[in-house]
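This report refers to the structure that appears directly beneath it.
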Amino acid sequence: MSVDLSLYLVTDSTPAILKGRDLCSVVEQAIQGGVTVVQYRDKSNDTGALVETARKLHQVTKKYNVPLLINDRVDVALAIGAEGVHLGQDDMKFEQAKQLLPKDAIIGISTSTVEEAKKAVADGADYLGIGTMFATPTKTNTKSVIGTAGTQIILDAIKDSSVGTVSIGGINHSNVQRVIYQSKSSQKSLDGVAIVSAIVAADDPKASAQKFAELINNAPRFALASNPSRANETEALISDVPQVIRKMVEVHPLVHNMINFVVSNFVANVALSIGASPIMSPYGDEATDLCKFDGALLINMGTLTSESVSNYLKAIKAYNERGNPVIYDPVGAAATQIRRSAVTQLMAGGYFDLIKGNEGEIRQAWGSGAVQQRGVDSGPSTLDGNQKATLARDLARRERNVVLMTGATDYLSDGERVIAVENGHPFLGQVTGTGCAIGTISGCFLTAHRSDRLLAVLSGILMYEIAAENAASKEYVRGPGSFVPAFLDELYAIRTAAAQGDESWFVGRA
Ligand code: 3NM
Ligand code: MG
C-alpha cells in the first residue's frame, strides 16, 4: 500500500510534550496544517486506554483521509482497524505482524543500520523509519545517532528498492531542509520526515505543520546557488579565474570572521589587500544583522572556548537561512576530545558550503559525520596523493558541498571534480595565519561567484598562492619576516591588475 510519508507525525502523550492538551485535538490541528500520516505512539498507557485513544484518533484521521499507524501494538491496530503499524527492531517480527494484519495493512520498520534496512526491505516493509538523525530528548534510548551521513549510507544501500523512507529524531523547522538535502544519496532521497516534539509540543501545531509542509517542498537557500553549468575541464576552469577575481573585487564582499585571536590581525589585512571587507566578530548574535550583507561567514575554531560552539551555531543558522556562504576551518579538529566533539556538533548543526583543513582535520571531519563511518580510520599514517584526492571528493560528495584539503599540494573537490593545486611557497608554512586566511579568502570568492563554488574557491587559492610566489621571489625578501609585507603587497597588486582586466600576472602560472 502506498502512503504519503512526506510529513509524518508521531504522537507523544507525555506531559512534557503534550502539555495537558487533548491528543485528538492536537492531531487534528496538525493534519489541518498538512500532516500526511499519523503514528499513534504511547509507551505508558494500559491496553484498554490505548485502544480507546486509538479509536478516537482514528475518527479524526479518517475524517481527513490520513492513514493511522499504531506503534508496536499489532493488537491495538487490529482492535480498531488502523491502516497499519510501525515496528521497532525489538517489537514483533515482521512476518508475524504480516500474518496477523489485513493484507493491505501498512507496515513500517525502524532501522538504524544498513543490515536492518536491507532486512526490512527483503521482508517487504512498506517504509523504513531511519534514525536517529539527531540526538533528541524525546527518545533518549535510541540505538545510534547516524546524522545525514549515516542516513545517506542507508539510502544508498537500498537504492534499488522502491521502499518508502522517513528520517526521525531531532528534526525541526531550522534543520528539516538540510536533513532532506544532505541525506540524499546519488540515487535515493528521503520520502519524508517524522516529527514528534516540533509539532506536538508546538504552541500552534497547525502552524508548525504548515511551516514544515512549506519547507519540505522547497530546497534550502544554500542549495539554490551552485549549479555548475558545464563539465569544466581543468583548463577551462583555470582560464576563468582572472574574471572571477575581477568579480570578487567588484563585489567587495563582507567576510564575517569567527576566527582565532592569534591570526585575526593578519587575516583581516589579507582580506583588505584582496579588496574585501573583513569584520572580526566572535559574537553569535551579531550574525542576524551581519548575514544581511552580501558576504560570507568563516568559522575557524583555532582558539575554541566553552562559549564558541553555541556562538558558531547561532551564526551558522543565520547565514544558512539567508543562503549566504559558510566556511568551516576545523582547526586542530582531532587534537582534543573537546575539539572532536565540536566538529561533530557543528557538522550536525549546520551546513557548510566549504570545509577547509589539513589532512588530519579533513579526516576528523569525515569520521565525525556519522557513527557508521567507512573508509579512512584515524591514526598517524599519512595518505598518498590519490587517497587525499579521494577523501576530499568523498567528503564533498557526502556533505554536498566543497572540500579543500590543504598541504604542499592542495586538493579541492565538489564531490565530482577534483583539482590538485601545486602553487604556493614554503614561506607560507613559516608564518602563522597563512592557512587560516585561505578560509577567509574562500568566503570572499564564494560570495562573489555563487554559480560554481569549486571555481570560486580555486580562484581564491590561485590568487593567494601566486601572490606568495611573487612575494618570495623579491630580492629583498630574506625570510618569513620580510615575506609578510611583500605578500600583502603582491595580493594587492593582483587585485589591482585583476580589477583592470590585466591577466598577465596569471598567464602560465597555475
Ligand atoms: N524514534 P523528536 S527518535 C520516536 O530514532 C522516535 O527511532 C526515534 O522525536 C528513532 O521529533 C524518536 O521530538 C523521537 O525529536 C523523535
Ligand atoms: Mg518500538
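The values are calculated or read from the model by the stated rules, or taken from the named source; none is laboratory data. Keep in mind that what you see is a predicted model, and the values were worked out from it rather than measured. With ideal geometry, Cβ positions are generated from the backbone for all residues, glycine too; neighbour counts draw on all protein chains shown.
Each residue in segment 142-164 was checked for being within 14 Å of ligand 2 (Cβ to nearest atom) and either within 20 Å of the chain's Cα centre (by Cα) or not polar (S, T, N, Q) (or both), and 1 pass. Criterion applied to V60, V27, V51 was being modelled with pLDDT of 95 or more and within 16 Å of ligand 1 (Cβ to nearest atom), and the one residue passing it is V27.
Within segment 448-504, work out how many residues are of a type in the set (S, T, N, Q), touching a residue at least 12 places away in the same chain (Cβ under 8 Å) and surrounded by fewer than 18 Cβ atoms within 10 Å (Cβ to Cβ).
Within segment 448-504, residues that are of a type in the set (S, T, N, Q), touching a residue at least 12 places away in the same chain (Cβ under 8 Å) and surrounded by fewer than 18 Cβ atoms within 10 Å (Cβ to Cβ) number 1.
Taking (1) within 16 Å of ligand 2 (Cβ to nearest atom); (2) touching a Phe, Trp or Tyr at 6+ places or on another chain (Cβ under 9 Å) in turn, K139 satisfies each apart from (2).
Per the listing V241, V249, the residue uniquely assigned by TED's automatic domain parsing to the domain that holds E321, in contact with a Leu (Cβ under 6 Å, 6 or more places away or on another chain), part of a helix (DSSP H, G or I) and closer than 19 Å to L491 by Cα is V241.
Run down S174, S197 and say which single residue is farther than 18 Å from S110 by Cβ and either hydroxyl-bearing (S, T, Y) or crowded, with 18+ Cβ neighbours inside 10 Å (or both).
None of the other options fit; the residue is S174.
In this structure, Q99 does not satisfy being touching a Lys or Arg at 6+ places or on another chain (Cβ under 9 Å) and not in a strand (DSSP E or B). Entry remark, segment 165-198: residues being in a loop (DSSP other than H, G, I, E, B) and either within 16 Å of ligand 2 (Cβ to nearest atom) or not assigned by TED's automatic domain parsing to the domain that holds I153 (or both) number 2 in total. What about D91, is it out of contact with any helix residue (DSSP H, G or I) (no Cβ under 7 Å at 6 or more places or on another chain), more than 30 Å from G350 (Cα to Cα) and within 12 Å of ligand 2 (Cβ to nearest atom)? Yes, satisfied. Here segment 236-256 is the region considered, the condition is being closer than 18 Å to L298 by Cα and of a type in the set (A, V, I, L, M, F, W, C), and the residue that is surrounded by the most Cβ atoms within 10 Å (Cβ to Cβ) is V255. Residue pairs whose Cβ atoms lie under 8 Å apart, separated by 6 or more positions or on different chains, with the first residue in segment 194-219 and β-branched (V, I, T) and the second in a loop (DSSP other than H, G, I, E, B) and within 16 Å of ligand 2 (Cβ to nearest atom), are V196/T11; V196/D12; V196/R41; V196/T136; V196/T138; V196/K139; V200/T11; V200/D12.
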